[in-house]
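Accompanying notes for the structure given below.
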Amino acid sequence: LKSVAVRHERSDSVHHHAQHGPLLTPKVFLLVAMSSDGSDKQVTPEVIAAHQAELDSCLAEVEEASKKAKEAAAQALETAEKCKQIEEDTKKMIEKFNAEGVKP
């Protein structure tokens, strides 16, 4: 059996079992065990590496999207605060205008 290094998704440590080769994370195992067309594939180091690369790419995309969503949320909160301040200022101006009344 050929040994292959599999990077754990939360650390850079590599896990090996002395007799059976690398231990796979549950996500990698599921990705390797299942194929998109439903047919069985032989699990090889190349298949594992390909699925791990695909998983890493997908996780990087999710991380980037999460970062962008957080930035957009922060900007939305800032904009909402500005709108609230403008609304309060406008109400004060209207109250002042109405209190002074229209003078002939």
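Read-outs throughout are calculated quantities, based only on the coordinates presented, and are distinct from any laboratory measurement. Since we're looking at a predicted model, the values are computed, not measured. In this analysis, Cβ positions are derived from the backbone assuming ideal geometry, glycine residues included, and neighbour counts consider all displayed protein chains.
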Which order do peptides 75-86, 51-62 fall in by mean Cβ count within 10 Å, highest first?
-> 51-62, 75-86
Using a Förster distance of 35 Å, how high is the FRET efficiency between residue 47 and residue 73, based on the Cβ-Cβ distance and rounded to 0.05?
-> 0.35
Extending each Cα 7 Å along its Cβ direction at residue 80 and residue 59, get the distance between those two points in nm, one decimal.
-> 3.2 nm
Net charge of neighbours whose Cβ lies under 12 Å from the Cβ of residue 95, counting Lys and Arg as +1 and Asp and Glu as -1 | 0
